[in-house]
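Notes for the one structure printed next.
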Amino acid sequence: MEKWRAGHRFLRYSSTKSFFDLRSKPISEKATSNHTLGFERNGRRKRSFRDSLSFLGENKGLLGVSVGRGIGNGVGFQVRCFGSATTLVQRNPSFSTLNSDDMNYFKGILGEKNVIQDEDRLSIANTDWMHKYRGSSKLLLQPRTTEEVSQILKYCNSRFLAVVPQGGNTGLVGGSVPVFDEVIINLGLMNNIIAFDKVSGILVCEAGCILENLISFLDTQGFIMPLDLGAKGSCQIGGNVSTNAGGLRLVRYGSLHGTVLGLEAVLANGDVLDMLGTLRKDNTGYDLKHLFIGSEGSLGIVTKVSILTPPKLSSVNLAFLACNDYFSCQKLQMLLLTRLAGNVNQKLLVEAKRKLGEILSAFEFLDNVAMDLVLDHLDGVRNPLPPSLHNFYVLIETTGSHESYDREKLEAFLLHAMEVGLVSDGALAQDINQASSFWHIREGLPEALMKAGAVYKYDLSLPIEKMYGLVEEMRTRLGALAKVVAYGHLGDGNLHLNISSPQYDEKILAQIEPFVYEWTSKHHGSISAEHGLGLMKANEIFYSKSTNTASTHRSVWTGATNGMYKEIAGPQKNT
């Protein structure tokens with residue numbers, strides 16, 4: 001161990017304070033907003049998910065005549081372009097438009113101050129965080145209770161008014177904002193913590209609770225949220241659940257399908273489904289909550305959630321490591337759990353899982369292009385491993401209850417990783433500030449990309465050994481046209497592929513799509529690991545789902561709605 005300490009800059013930090021609660025809070029690649037009741041619209045391209053669900057039949061489109069910006073910031077009336085020139089979205093003239101009677105009704109149930117028509121506030125609510133998607137809604141509603149949500153939806157259903165629920169509006173695929181002039185239902189006022197059981201760790205809260213506020217509350221109770229996102233300062237738990245948000249802790253605590261115990265949801269006709277159970281076991285029939293987790297609002301609006309939260313552990317360590325190649329990153333993680341044969345360059349992931357399995361809480365990676373971008377565009381960021389850039393970087397976080405044991409285990413792992421050549425340099429966080437600076441590099445990447453100019457974002461699940469192959473092929477395709485920036489949750493096979501350029505350009509997009517979806521499908525991946533489909537990828541679901549599977553989606557949707565949506569609800573998503 002003395003050899004390790006003398007030759008490398010590793011320092012450790014272990015405290016009862018959690019790094020989870022001390023990170024900087026830029027919008028992350030897994031930013032989430034609240035759930036969206038989506039509405040179908042006509043798309044002029046190949047057969048799509050919406051086609052298979054009959055969401056496009058009989059010219060059923062979204063309510064509204066609007067002016068909107070597509071990816072190229074081009075302006076068009078009634079027909080709008082999103083993602084590429086071949087994806088056209090048309091307003092459905094069958095939908096009603098707002099009138100004075102509608103306004104009076106909403107004011108009667110919500111009060112005037114919660115019926116928003118102010119242009120400045122509507123401008124913010126109409127525009128997504130990336131400024132890539134923009135609607136033209138003339139009305140923002142802020143219900144305070146489930147009953148008010150129910151009344152709104154029942155009325156809109158009877159009047160054939162399209163709606164789009166919205167929370168923190170931090171989504172990245174165009175599902176958290178109107179496409180045209182839908183009524184926006186913002187759940188931000190439904191932000192009460194209803195109950196918390198200190199024995200079981202079960203939290204019950206309303207859907208509008210901001211994730212960071214829940215994290216802070218649980219910290220005072222000695223617990224943590226099983227979900228952590230860079231956008232935690234804005235995103236809401238209802239949107240997290242509706243998009244099945246993944247984030248930084250999935251490698252330790254799994255997805256929300258495993259931690260959400262129950263929920264309450266309102267259907268489009270105003271019916272309230274009370275599934276807000278707090279039992280760990282309930283095998284009485286279908287577990288319907290799972291239909292709503294990740295459904296992106298296509299079945300209804302989640303209004304309350306019960307979730308199982310783990311206890312906060314006292315020993316936290318964070319390492320920032322440098323690797324010479326991608327496969328060394330992979331081998332390092334897998335070492336934590338089990339030995340895997342394969343390319344020597346894949347060892348870092350392998351090693352980490354085998355050696356640190358029971359205390360591993362995060363395993364993130366970024367390449368040198370991503371690091372260079374952060375250093376150039378984020379104020380106050382310094383290279384933790386100067387003076388030069390390395391090819392790849394890995395953040396490993398461990399969380400346990402035995403400080404000396406966890407420290408010894410991590411140090412032994414790092415020494416072994418150095419000796420076998422998986423790690424070329426690294427640092428262990430010495431204090432809270434250093435830990436926060438390490439996380440700021442990883443979580444600040446979306447912000448740095450926005451500052452750099454236009455960005456095409458792709459959120460992909462792939463076999464870990466294949467992930468970086470897509471990055472390399474994309475660089476070959478694009479050449480000098482744009483920068484390809486790669487980072488993500490290596491621990492669960494989630495690549496965030498970002499194409500950065502000074503401005504949006506159809507020539508660049510034509511090189512990216514459909515190639516990125518075809519490559520992902522060819523390697524048995526998913527075109528949406530955690531962001532959802534939204535408006536951006538609704539037409540592309542067949543790259544990840546078979547025709548029969550999509551048809552089953554249709555059957556579930558038809559059975560769940562039983563015509564109550566009058567064929568107005570569809571897969572407009574948010575994340």
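The values are calculated or read from the model by the stated rules, or taken from the named source; none is laboratory data. As the structure is a prediction and not an experimental result, all values here were calculated from the model. Note that each Cβ is placed from the backbone with ideal geometry, even for glycine, and that neighbours are counted across all protein chains shown. We work out accessible area using only protein heavy atoms, side chains counted, and drop any ligands, DNA or RNA first. Shrake-Rupley method; radii C 1.70, N 1.55, O 1.52, S 1.80 Å.
Here is how the numbers come out for the structure above:
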{"item": "Spin-label proximity, Leu389 to region 460-486 - amide N less than 19 Å from point 7 Å beyond Cα toward beta carbon", "result": "468-486"}
{"item": "Accessible surface of Leu414 - all protein chains present, 1.4 Å probe, nearest 10 Å²", "result": "0"}
{"item": "Point-to-point label distance, Asp287-Phe160, nm (Cα→Cβ direction, 7 Å offset)", "result": "4.1"}
{"item": "Estimated Rh, region 82-240: Kirkwood, alpha-carbon pairs, angstrom", "result": "17.1"}
{"item": "In Å², nearest 10: area of Glu358 left accessible to a 1.4 Å probe", "result": "100"}
{"item": "Per DSSP, loop chymotrypsin sites (Phe, Trp or Tyr not before Pro) in region 197-292 with at most 13 further Cβ within 10 Å", "result": "Tyr286"}
{"item": "Carbon and sulfur %, accessible surface of region 176-230 computed with the full protein complex present, 1.4 Å", "result": "50"}
{"item": "Chain lengthening between Asn99 and Ser546 when straightened (0.36 nm per residue, less Cα-Cα)", "result": "156.7 nm"}
{"item": "Region 379-452 - percent of accessible surface contributed by carbon and sulfur, probe 1.4 Å", "result": "45"}
{"item": "Accessible area per residue in Å² at 1.4 Å probe, computed on region 193-308", "result": "35"}
{"item": "Subset of Lys198/Lys457; Lys409/Lys451; Lys289/Lys331; Lys281/Lys537; Lys232/Lys331 violating a 32 Å alpha-carbon distance limit", "result": "Lys198/Lys457; Lys409/Lys451; Lys289/Lys331; Lys281/Lys537"}
{"item": "Within-13-Å neighbourhood charge of Asp271 [Cβ basis; K, R +1; D, E -1]", "result": "-2"}
{"item": "C-alpha center-to-center spacing [region 451-513, region 175-203] in angstrom", "result": "32"}
{"item": "Distance between modelled label sites at Ile432 and Ala412, nm, 7 Å Cα→Cβ extension", "result": "3.1"}
